[in-house]
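Worksheet for the structure shown next.
The values are calculated or read from the model by the stated rules, or taken from the named source; none is laboratory data. Note that the structure is a prediction, hence the values are computed from the model and not measured. Glycine gets a Cβ as well: all are built from the backbone with ideal geometry, and neighbour counts include every protein chain shown.
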Amino acid sequence: MIRSVLALAALSVLAACSSNGAGPVVTAIKDVILPSKSEDVPVISARSTLTREKIEAFGLALIRGRIEGEDISNLLTGTAVNGEYVTYVSSFRQNITMLGSLVTGTRGMGGDLLSVRSDHNDPVAHATPTDAWPETLTRDYRFPGIGPTGTTVSVSCALTHAADTTVIIVEVNYDVTPFTERCKADGVAFTNTYLAQPDTGQIWQSSQWVGDKIGYVNIDVLEPYSVE
């Protein structure tokens, strides 16, 4: 069942659960999903193990986020909507703002991403069946800097895909198309990866660059946001 955004409530029941069920999306060179590290990931609070039954009972739009290189995943629940933008908050008050499946802002993580401008046909920001994804796109990433507008990094990105596969995210199997997005600008180069459902373009798992200071954030979508 797709959940709408509700108030932040009882998040601590599920907060900081281990990454049970799915590993992060890897880079395009490998074009595969890494084996799950769930057995090795410590749990901050051992009061609860994340299961699909608990996700359904929780009744909120939920994502699971992990900064690449860290061994802890945290649950973030949708708590605010501003137009098409949804902000997810963890029990530690770390924020991730998303436009569709595109991370457009972070707060409380250090060296945060302020905003992202995307193309109107950006399939990460606007769910698009995978056979209609463009081969190239542009984005502007804005970070804190001198002056009110901060520092903007403008990148050009090239999208390629691999053969369809299956990913398991907390007991649910999804048929997905793996996409690799190589982005570059003067002095900046990074690679994002996405696992998108072919018919709807819903991205269930991704690894996205959010700046040099944080690096990449890995995201599993546990319950997508919906206005319904």
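Side notes on the structure shown:
- The range 136-152: number of residues that are hydroxyl-bearing (Ser, Thr, Tyr) and surrounded by 13 or more Cβ atoms within 10 Å (Cβ to Cβ): 4
- Among (1) within 19 Å of residue 213 (Cβ to Cβ); (2) basic (Lys, Arg); (3) modelled with pLDDT of 90 or more, the one test that residue 93 misses: (3)
- Selection count, the range 146-172, where residues are small (Gly, Ala, Ser) and at positive phi: 2
- For residue 206: the one exception among (1) under 20 Å from residue 52 (Cα atoms); (2) among the hydroxyl-bearing types (Ser, Thr, Tyr); (3) in a loop (DSSP other than H, G, I, E, B): (3)
- Tally, over the range 171-198, of residues that are more than 17 Å from the chain's Cα centre (by Cα) and not in a strand (DSSP E or B): 4
- Conditions (1) over 15 Å from the mean Cα position of the chain (by Cα); (2) at pLDDT 95 or above; (3) buried (at least 19 other Cβ atoms within 10 Å of the Cβ); number of the one not met by residue 201: (1)
- Counting only strands (runs of 3 or more DSSP E) that sit completely within the range 83-135, those holding 2 or more residues that are of a type in the set (Gly, Ala, Ser) and surrounded by fewer than 21 Cβ atoms within 10 Å (Cβ to Cβ) correspond to 115-118.
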